[in-house]
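We did not get these values from a lab; they are worked out from the coordinates using the rules stated. Values in this document were obtained by computation on a predicted structure and should not be read as measured data. A quick note on method: Cβ atoms are made from the backbone with ideal geometry, for glycine too, and the neighbour counts reach across all protein chains shown.
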Amino acid sequence: MTLFAFLKSRPIFWLSVAGTTVGGGCFLKDLMQGGQFTKNTDETCKVVIVTGSNTGIGKETVRELARRGATVYMACRDMKKCEEAREEIVLETKNKYVYCRECDLASMDSIRNFVSTFNREQKKLDILINNAGVMRCPRSLTKDGFEMQLGVNHLGHFLLTNLLLDVLKKTRPSRIVVVSSLAHTRGEINTGDLNSELAYDEGKAYSQSKLANILFTRELAKRLEGSRVTVNALHPGIVDTELFRHMGFFTNFFAGVFVRPLFWPFVKTPKSGAQTSLYVALDPELETVTGQYFSDCQIADVAPAARDAHIGKWLWAVSEKWTQSEILQLK
């Protein structure tokens, strides 16, 4: 009886409960971090572009690439935040070859200017990581009139990738990494209203854009067959980043106090969220793997809609027309 006598004190009892709950939450948090890329690789001679890299998964991806010695271009819209992130990474990794360059994926002119600047500064590109994205935002348009989620998540990266194909092919073997999402399984390419002009649902528009990422990846892999340029897509997991900033349920006061603590054990940290991107970009065993979809550092299945080659070709043709990009012809 004396062994549990201390539990008769209410403060001690509740402190004990709180400690057990926190400990259990931390244990669960560790379990939910998913696959980790643990191979040691030397990327000293590699040149890498990472879009949307001033925060979240992109920032952690750049941090690890810099730690491994790569020359990294942080392609971002907000130059102030980009420079703050760059300085932090350079000081931590002692790698001075980390650069900020403006690239607003909601502007075709900005994308073209970024590529023009990059091609003046570099003659090679080993890895392109299409990481930037927006999620479930209120309906708005890019500078070129595209629905924001389709415009940034798909069309911006479509144009950027195609404009960089020449330098990627010159550098081969090289890799293109496309950060998609499990949300693609709920997606549908709305061929009658791709730009959400007749009706708009932020969730459906996001899922459509993530499905577009995978259809683009699979179609591009076909077009690059034999080029030694690979392209693969991935799901980073549910990650605690600024991507949720447009979802009021997660950002209001009530959610911050009562919901987020319950949600916290089940989401990945940005560092863990970057692991599959790093795996697909750097693992030597994936040098010839292309057209695949990964999750938790292993190949995963895609939704049936992502395997629709007819829709993939249709989406490519529309994307080419809308971005006015010069691209490879399908063999």
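For the pairs Lys59/Lys169; Lys80/Lys170; Lys46/Lys321, note any where the Cα-Cα span goes beyond 29 Å.
Details: Lys59/Lys169 26 Å; Lys80/Lys170 33 Å; Lys46/Lys321 33 Å.
Among Lys59/Lys169; Lys80/Lys170; Lys46/Lys321, the Cα-Cα distance tops 29 Å for Lys80/Lys170; Lys46/Lys321.
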Cα centroid separation, the stretch 174-238 to the stretch 48-77 (Å): 21
Could you sort 192-201, 208-217 so that the peptide with the highest average Cβ count within 10 Å comes first and the rest follow in order? 208-217, 192-201
Describe numerically, in nm with one decimal, the distance between label points set 7 Å from Cα along Cα→Cβ at Tyr97 and at Gln122. 1.0
Taking 0.36 nm per intervening residue step and subtracting the Cα-Cα distance, what contour gain separates Lys81 from Lys271 on full extension? 66.6 nm
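Rounded, prolate or oblate for the stretch 38-323? Axes are the square roots of the Cα gyration tensor eigenvalues, ordered a ≥ b ≥ c, and the cut-off for rounded is a/c under 1.5. If you can, show how the numbers build up before the last one.
Details: a/c = 1.37, a/b = 1.09, b/c = 1.25.
In terms of gyration-tensor shape, rounded.
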Label-point gap, in nm, between Thr191 and Asn113 - each point 7 angstrom along Cα→Cβ: 3.8
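I need the shape label for the stretch 81-169. Rule: rounded when a/c is under 1.5, else prolate if a/b > b/c, else oblate, with a, b, c from the alpha carbon gyration tensor.
On the way: a/c = 2.27, a/b = 1.35, b/c = 1.67.
Judged from the Cα gyration tensor, the stretch 81-169 comes out oblate (a/c at least 1.5, b/c at or above a/b).
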Sort Glu287, Glu202 so that the residue with the fewest other Cβ atoms within 10 Å of its own Cβ comes first and the one with the most comes last. Glu287, Glu202
Full-stretch length increase - Arg228, Ala199 - with 0.36 nm per residue and alpha-carbon distance subtracted: 6.3 nm
